[in-house]
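Notes to accompany the following structure.
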Amino acid sequence: GLELGEGLEEGLKREFKEELKIEAEIHAHFYTTHFFQESAFYKGDQIVSVYYVLKPLAQKIIFPNHMEMNNGKTATLRFEWIKLPALTDEMMTFPIDKYVCNLLLKSNTLC
């Protein structure tokens, strides 16, 4: 999420650094949600998702496998790199991610 007074790109760079411990360079905006999507975590809340194309500024990225949630509990996470030809929307959990996955696969810009 964004901190008070923070812009989208600034927040993305900060989150990338906090979660992955590396800097990232933002290349372009890719997509912003244009349909209603209820939050999977907070019933009654609407989600607006913004996707960017970015480049990590590190040769090797070590993903964390645990993350502390807002309620103080720890969640186990799974991250992996998948080459675009092997990517499918069935690999995505959330509806917006499935939608954007298909946009990404159809995009001539990134493939």
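The values are calculated or read from the model by the stated rules, or taken from the named source; none is laboratory data. Keep in mind that what you see is a predicted model, and the values were worked out from it rather than measured. Cβ sites come from the backbone with ideal geometry, for glycine too, and all protein chains shown count toward neighbours. Only protein heavy atoms, including side chains, enter the accessible area calculation; ligands, DNA and RNA are left aside. Shrake-Rupley method; radii C 1.70, N 1.55, O 1.52, S 1.80 Å.
Can you return the lysines within cross-link range of Lys98? Criterion is Cα-Cα under 19 Å, with same-chain partners fewer than 8 residues away left out.
Reachable lysines: Lys83, Lys106.
Could you tally the net charge around Ile26, taking each other residue with its Cβ under 11 Å from the Cβ of Ile26, Lys/Arg +1 and Asp/Glu -1? Please report the intermediate quantities before stating the final value.
Numbers: positive: Lys13, Lys55; negative: Glu9, Glu10, Glu23, Glu25.
So the environment of Ile26 carries a net charge of -2.
If you rank Lys55, Lys98 by how much accessible surface each has, with a 1.4 Å probe, what is the order from largest down?
Lys55, Lys98
Taking R0 as 25 Å, what FRET efficiency do you get between Val48 and Thr74 from their Cβ-Cβ distance, rounded to the nearest 0.05?
0.40
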